[in-house]
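Asker: Handing you this structure, nothing more for now.
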Amino acid sequence: MDNGEPLPSFEGLAAAFAKAKADKEREEAQGLKARTGDAVAANKQGEVHFKALHGIVIAFFTFLLALHLVGIYLFTSGFLLTRLVLEEKSNCAIPPINSSRSYSPASPSTGCWHPKMFEKAIVIIVDALRYDFTVPFNSEGPDKPHHFHNAIPVFYETALHSPNNAFLLPFIADPPTTTLQRLKGLTTGTLPTFIDAGSNFAGTAIDEDNLVAQLRNASKRIVHLGDDTWHSLFPGYFEPNLTHAYDSFNVWDLHTVDNGVTKHIFPLLHPSNSSKWDVIFGHYLGVDHAGHRYGPDHPAMAAKLNQMDEIFRKMIDQLDDDTLLVVMGDHGMDAKGDHGGESDDEIQAALWMYSKQKLFGRSSPSYTTPPATAKERPVAQIDLVPTLSLLLGMPIPFNNLGAPIEEAFIGPKGDDFENLATVHRLAAAQIHRYQHAYAQARGLDENSRASSVSLWRAANNAWDSVAGTKKANKEQWINVYKSFSRYQRETLSMCRALWARFDIPRMVNGITILASTLLVLATYARGLDGDHAELTPPLLTRSILGAIIGTLLGFGASFAIPSLPWEHAVSYSTAIGGVIGSATAFWYVRRRIVYPFPTTIWGWTSVVFTLALSAGFAANSFTIWEDEILLHFLTTFGVLLTISSFRQRNAIDRALGCYHSSLFIILTRVASLSRLCREEQMPYCKSTYYASATSSTSAPWQLAIPIVSAFLLPNLIRTYYKNTRNHQGSAVLWLDVALRFGMLLGAAYWTLDAADDGDWYPGYGKLLKTTKTIIAQITLAIALGFGYSTFSWSKPLLKIETRSADSKDKSAQVVADGGRSSITILGYANVHGSRYALLVTMWFLAISLVQKPMGAGAIAIAAWQIFSLFEIIDTNKLSDSAVGPVILGLLGSFYFFKTGHQATLASIQWESAFIPLQTIRYPWSPLLVTLNTFGAQILCAVAVPAVVLWKQPPKKRGLLGDVTKAIATHLLFYAAINLATTMWAGHLRRHLMLYRIFCPRFMTGAVVLLVVDVMAIFVAVGGTRVSFLSVAEVFGWT
Amino acid sequence: MAAANPAEKSKSQATPIDLLNYDTAKLYTHVHPILLLSLYFYSFRSIVADPISTLSRTLLPLGVLQIAYVAICLPPTGSKDVVVEKRKPGEKKKAAPGKLESGINGKIIPAFLSLILSTLAATPLLFGILILFGAPITTHIFETGLCGAHIAFLSTIPLVYVHGVDGEKWKEIVGLLLPIDEVYGCMIGTMFGAWMGAVPIPLDWDREWQKWPITIVTGAYIGFAVGKLLGGTLLKGKRIKFE
């Protein structure tokens, strides 16, 4: 057989015959001969056995899917703390509580809920202004002053020498100490969470009530200067001709932003310009950048702080009497000058307020000296929101949780406790109103906040008793102030527990479940000898039994210990019970357990590359550049397969292997040209997915891509069928007509879509919309409707010919030789693979429709590559190895990027929901977005069984077991990635880049795992039932 | 790894290449990687500063050093066959050529051949492979080409010098079927080093040396030295198994 069958259709046989079971199989192949009655019965039995086994395999995979779900659920519920964003806005005319004795609600011109104290304000953020930068260095002790000490004394001096004009306080940030999150806190008065679940899910604009929006509603003219983060948070809020924003990402540049702010702020202070604005928000970045670049203890930091000192002295000089000047740091910096975490140095910023009028005071004379350290008399950053709101006569933003700052309301003599109690009552009442609305929106019962409600009643009683008396004394007012303040603090700590704290036990339990499920899956995929399907029944029964026992234990435990959250206890114990159950099953079949470590280069590379990718997700750089890393890995696999092809003894195997491996490498590189860069990849990446980097529409030339692939791809796939003479029966109609027609319709859809978007035919917009929607629906009907019926009812792609015995054609299997003629089965060599792979092309058609033109091209290349991979795996005899399913995993992940996606929320192509529909419809719209987003992973998951079925003999035993093994291996790849990204996200939960990089990658990994689970189990393994039954109809079960 | 796959090619009959049996050869083979690495790290700063001109300037010394290495240390291609031919009767005159003449025939020609092939065949091939592995297509063409040339000079010159241009032999070389020796170690080490050189590129360290293709070339040089050392000592005679 070695020297020269010219036709590749024989190779499948060559491979099979080379195996040890060859003799047996040849006997079985005789089964086509007339059967006896016994044989019919045995055949029937074989079919029943297969169906039962197939069902059990699906059930076991579903059990693993459930474990993944529970693990991800537990981790997510501890990690992705969500806060509902309420739409309500505070209204100037409606104070949260009946007004105090002396003041009735009024307009912004006199002050909404409380008389205002300032007409105008300048609010300056000095990014990363740590508190200890602003206070003098305490010379006692052996320490010497650092560069950052005593470099910006202006705040301390003014607060000390004119306490009625200025005060300086430590200003404590809520982690994460990143500028974006801090700005949210400083303007809304809320605590940061992962997902502020509001209407504006994908964008960054703040849509809950905030100080800037209140100012804008009151027709104040707001100017912004500096860091451009403000513009993504408050788009269109600022006076366009006075506002100047600067890019905030270049941390090496210490001066551009600062000089820009300074250049534009001082002209505005000039009396001739003072009528042009009401509030200025300035944002200096130099101190932060100096910290990032040099660290705080560096002469550049001292120089920067000196420069700031000068600027603020100058600002004090030029300030008019009606304007309040606020300077603050949004966070601090650690010893290396970085921030994002929750260490003391990072959260301790400084707050300084200044006014030419003598309005500020201290409740105790000893408070005149600003605190020496940030531990004394700190205020929270959210306290700025009610303080500034009331000082400027604005209503307190609806979601605010902060309290007014004492120094600003106590009066110059430091004894106006009535005023202090009044403002605290207003803030507390707004908090109470917010809490009530939140509890209603979330369906929380009053019991969960019983303690804060009772504090609220006590504070109100205190107020009523004092407000009733004609002349209340100072102590009574202090009591009222303190009780409202207690309520505010209690509510804040309650909210912090609710929103801002990670639930570590839940996270750890979730990771435990995911990790132990990974072990079960790994043992199942790679650690068992023999037919996997036959081993599944005991695994399933024991796992289910374990899970049931676990559930009972969980319920028992949550009854016994009522403080345990029952859903946490039950889900955890169920999952762990299931895992233990499967472990006992592995013990039960322990003789079949094999050495778990890889023994071939393929096993090793599969493991090493999966682990390398997983480990890389701990670094933000490797996460950002995942697409290029996948290209590198896939090319490496291509090279290894080329080398392996060179090692093949059979000349045809060698030549075909080399050809397909080279093709595989080149196609990978061609597909890699389709890119959609994420922000962090700039400037080293150029997007090609859309017409330009700033658009999300395709260029006209890109519309040709789907048309070209509609002409090429069906022909290419056909060659893979023709090689083994499987281009028969349904395959002809499907590949040559339906698939091509569907792809052409897809191309037509995108052309119409471009015509509609670009308004090429004005006046026909509605017609275009209707037409393109119908075309898309027809395409989907062809792909999944016609496609699935073809797949379900197609006969195996064979042709049986009777030939005379002297025929020399060896291209097909000769079955019977009794007499002068023989029966020849064309397409015998790849009956399983060709039959099953029809399913791949169907899903390909559906997926390619919902991709943009560039993505349709990429996914077409993916399909081509997948068929090449089948050939490579076959010529290198690797169908039993882990390498096929793992390469498909890498391919799926790679093409995720090549179809215009990134592991960021912003890259989700929401508009794909509207391809075959004109309105949002459940469940179709989310399914369409899923098909668009994870189309590549879905296609590759559906292709997995074909890797082990390609060119396998029809009557080979244990094929279902091989499919099971391959699917398990494929899932193992995604499960490993998911576990890694989950662990890294949990471990790096206070990392600067958590929100931007690690959290989105974790969410992508989790969703991908679940989607691939579902598709691999129900579409891929489910599909093999159809194709096996259809093959067995011809070849029998015995 | 235990059972040989029957479908895989039977083991090549080739034996590992031994160094020439001179003291000079045995000494220089250890000096050579040190020289190469010193050359490289001596010019490292200027490579970082100006990759194109420095990489093209260092190409010549690299070629010279490599030629010196193969000429001093390695048996040229076909040296055993030549010996057999010399023993044929009736050709006594040619049987004992002058030392200089045999040097020219036996060494200079393979050395020259290996230099030509590395430049004209291996460099474009490696350029293509670098592109396939993700090197930029529209920019940095010269950097990529020079990177390919350095890798080619490091890996291919000794191989061509020792094994010549026999097609079957090269199929075995590409298929990683030869037993490991110093020369094979050089090639595998260089390739592996260049492969590993891609790892630091994406890191956000903002270092000048992270730019294309410096890490790849550095990896190739280090890989060459390590591969040569291991191939000539620890791993000598071992075979690479896939299954």
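Asker: Here is a list of conditions, (1) open to solvent by 20 Å² or more (accessible area, probe 1.4 Å); (2) modelled with pLDDT of 95 or more; (3) more than 20 Å from the chain's Cα centre (by Cα), and A:R957 meets all of them except one; can you say which number that is?
Answerer: (2)
Asker: Tell me which residues, restricted to the stretch A:745-800, are over 17 Å from A:L845 (Cα atoms), crowded, with 17+ Cβ neighbours inside 10 Å and touching a Ser or Thr at 6+ places or on another chain (Cβ under 8 Å).
Answerer: Residues satisfying the conditions are A:L752, A:A754, A:S794, A:P796, A:L797.
Asker: Checking the structure you have, find out if any residue of the stretch A:675-689 is farther than 19 Å from A:Q865 by Cβ, charged (D, E, K, R), in contact (Cβ under 8 Å) with a residue 24 or more places away in the chain and crowded, with 23+ Cβ neighbours inside 10 Å.
Answerer: Checked against the condition, which is being farther than 19 Å from A:Q865 by Cβ, charged (D, E, K, R), in contact (Cβ under 8 Å) with a residue 24 or more places away in the chain and crowded, with 23+ Cβ neighbours inside 10 Å, the stretch A:675-689 yields at least one hit.
Asker: Could I ask something else about it? Across the stretch A:494-509, what is the number of residues that are at pLDDT 85 or above and either under 25 Å from A:R433 (Cβ atoms) or of a type outside the set (V, I, T) (or both)?
Answerer: Total meeting the criteria: 4.
Asker: Might you check whether a residue that is open to solvent by less than 50 Å² (accessible area, probe 1.4 Å), within 22 Å of the chain's Cα centre (by Cα) and more than 7 Å from chain B (Cβ to nearest Cβ) occurs anywhere in the stretch A:600-610?
Answerer: yes
Asker: If A:L613 meets every condition in (1) away from chain B (no Cβ under 12 Å); (2) open to solvent by 30 Å² or more (accessible area, probe 1.4 Å); (3) under 24 Å from A:M993 (Cβ atoms) apart from one, which number is that one?
Answerer: (2)
Asker: Pairs only if they're at least six apart or on different chains, beta carbon under 8 angstrom, first in the stretch A:843-872 and at positive phi, second buried (at least 24 other Cβ atoms within 10 Å of the Cβ) and in a loop (DSSP other than H, G, I, E, B); list them, first residue then second.
Answerer: Sorted first by the residue in the stretch A:843-872, then by its partner, the list stays empty.
Asker: From the list B:F133, B:F127, which one is open to solvent by less than 70 Å² (accessible area, probe 1.4 Å), within 10 Å of chain A (Cβ to nearest Cβ) and closer than 22 Å to B:W195 by Cβ?
Answerer: Selected residue: B:F133, the only one of B:F133, B:F127 that is open to solvent by less than 70 Å² (accessible area, probe 1.4 Å), within 10 Å of chain A (Cβ to nearest Cβ) and closer than 22 Å to B:W195 by Cβ.
Asker: Here's something else I'd like to know. Listed residues A:R221, A:R216; which is modelled with pLDDT of 90 or more, of a type outside the set (G, A, S), within 35 Å of the chain's Cα centre (by Cα) and open to solvent by 30 Å² or more (accessible area, probe 1.4 Å)?
Answerer: Just one listed residue meets the conditions, A:R216.
Asker: Another question, then. Go through the residues of the stretch A:456-478 one by one and say whether even a single one is at pLDDT 90 or above and of a type in the set (D, E, K, R).
Answerer: Yes, because at least one residue in the stretch A:456-478 is at pLDDT 90 or above and of a type in the set (D, E, K, R).
Asker: Still on this model: Considering only the stretch B:197-219, state which residues are more than 10 Å from every other protein chain (Cβ to nearest Cβ) and aromatic (F, W, Y).
Answerer: Scanning the stretch B:197-219 gives a single hit, B:W209.
Here's the yes/no breakdown for (1) basic (K, R); (2) modelled with pLDDT of 95 or more; (3) within 14 Å of the chain's Cα centre (by Cα); (4) open to solvent by less than 10 Å² (accessible area, probe 1.4 Å):
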position: A:G892; (1), (2), (3), (4): no, yes, no, yes
position: A:L905; (1), (2), (3), (4): no, no, yes, no
position: A:F914; (1), (2), (3), (4): no, no, no, no
position: A:W924; (1), (2), (3), (4): no, no, no, no
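Asker: Is one or more of the residues making up the stretch A:569-581 out of contact with any Gly (no Cβ under 9 Å at 6 or more places or on another chain) and modelled with pLDDT under 95? Break it down stepwise before answering.
Answerer: Quick first cut of the stretch A:569-581, residues out of contact with any Gly (no Cβ under 9 Å at 6 or more places or on another chain) only: none.
No, the stretch A:569-581 has no match at all.
Asker: Can you tell me which residue in the stretch A:690-713 is least open to solvent (accessible area, probe 1.4 Å), limited to those that are among the aliphatic types (A, V, I, L, M) and assigned to a loop (DSSP other than H, G, I, E, B)?
Answerer: Among those that are among the aliphatic types (A, V, I, L, M) and assigned to a loop (DSSP other than H, G, I, E, B), it is A:A699.
Asker: Next question, about the same structure. Look at A:R506 and say whether it is surrounded by 16 or more Cβ atoms within 10 Å (Cβ to Cβ), in contact with a Gly (Cβ under 6 Å, 6 or more places away or on another chain) and in a helix (DSSP H, G or I).
Answerer: Values: surrounded by 16 or more Cβ atoms within 10 Å (Cβ to Cβ): yes; in contact with a Gly (Cβ under 6 Å, 6 or more places away or on another chain): yes; in a helix (DSSP H, G or I): yes.
Judged against the criteria, A:R506 is a match.
Asker: Please verify whether the stretch B:180-196 includes one or more residues that are within 14 Å of chain A (Cβ to nearest Cβ) and closer than 30 Å to A:M993 by Cα.
Answerer: There is at least one residue in the stretch B:180-196 that is within 14 Å of chain A (Cβ to nearest Cβ) and closer than 30 Å to A:M993 by Cα.
Asker: Among the residues of the stretch A:644-660 satisfying the criterion of being outside any loop (DSSP other than H, G, I, E, B) and surrounded by fewer than 19 Cβ atoms within 10 Å (Cβ to Cβ), which is farthest from the other protein chains (Cβ to nearest Cβ)?
Answerer: So, considering only residues that are outside any loop (DSSP other than H, G, I, E, B) and surrounded by fewer than 19 Cβ atoms within 10 Å (Cβ to Cβ), the one farthest from the other protein chains (Cβ to nearest Cβ) is A:Y659.
Asker: Moving to a separate point now. For residues that are within 7 Å of another protein chain (Cβ to nearest Cβ) and open to solvent by less than 10 Å² (accessible area, probe 1.4 Å), scanning just the stretch A:616-643, find the one that is modelled with the lowest pLDDT.
Answerer: Among those that are within 7 Å of another protein chain (Cβ to nearest Cβ) and open to solvent by less than 10 Å² (accessible area, probe 1.4 Å), it is A:S621.
Asker: Hey, does the stretch A:283-302 have a residue that's crowded, with 24+ Cβ neighbours inside 10 Å, in contact (Cβ under 8 Å) with a residue 12 or more places away in the chain and part of a loop (DSSP other than H, G, I, E, B)?
Answerer: Yes: one or more hits.
Asker: Still on this structure: Any chance you could count how many residues in the stretch A:665-681 are in a loop (DSSP other than H, G, I, E, B) and either within 12 Å of another protein chain (Cβ to nearest Cβ) or of a type in the set (K, R) (or both)?
Answerer: 4
Asker: If B:I17 satisfies all but one of (1) within 15 Å of the chain's Cα centre (by Cα); (2) modelled with pLDDT of 90 or more, what's the number of the condition it fails?
Answerer: Among (1) within 15 Å of the chain's Cα centre (by Cα); (2) modelled with pLDDT of 90 or more, the lone unmet condition for B:I17 is (2).
Asker: Then there's this: Only residues that are among the aliphatic types (A, V, I, L, M) and either open to solvent by less than 30 Å² (accessible area, probe 1.4 Å) or under 17 Å from A:L994 (Cβ atoms) (or both): list them for the stretch A:321-348, please. Explain how you work it out, then say what you get.
Answerer: Taking the stretch A:321-348 as the starting set, the residues that turn out to be among the aliphatic types (A, V, I, L, M) are A:324-328, A:333, A:335, A:347.
Answer for the stretch A:321-348, where residues must be among the aliphatic types (A, V, I, L, M) and either open to solvent by less than 30 Å² (accessible area, probe 1.4 Å) or under 17 Å from A:L994 (Cβ atoms) (or both): A:L324, A:L325, A:V326, A:V327, A:M328, A:M333, A:I347.
Yes/no per residue for (1) assigned to a helix (DSSP H, G or I); (2) within 30 Å of A:G340 (Cβ to Cβ); (3) touching an Asp or Glu at 6+ places or on another chain (Cβ under 8 Å):
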position: A:A966; (1), (2), (3): yes, no, no
position: A:R996; (1), (2), (3): yes, yes, yes
position: A:C999; (1), (2), (3): yes, yes, no
position: A:A1020; (1), (2), (3): yes, no, no
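Asker: Name the pairs whose Cβ atoms lie under 8 Å apart, with the first residue in the stretch A:316-334 and within 25 Å of A:E346 (Cβ to Cβ), the second open to solvent by 10 Å² or more (accessible area, probe 1.4 Å) and of a type in the set (S, T, Y), and 6 or more positions between them or separate chains?
Answerer: Correct list of pairs: A:V326/A:Y354; A:V327/A:Y354; A:D330/A:T179; A:H331/A:T178; A:H331/A:T179; A:D334/A:S343.
The values are calculated or read from the model by the stated rules, or taken from the named source; none is laboratory data. Treat the numbers as computed from the prediction; the structure is a model and nothing was measured. All Cβ positions, glycine included, derive from the backbone under ideal geometry; neighbour counts span all protein chains shown. Calculation scope for accessible area: heavy atoms of the full protein, side chains included, ligands and nucleic acids excluded. Shrake-Rupley method; radii C 1.70, N 1.55, O 1.52, S 1.80 Å.
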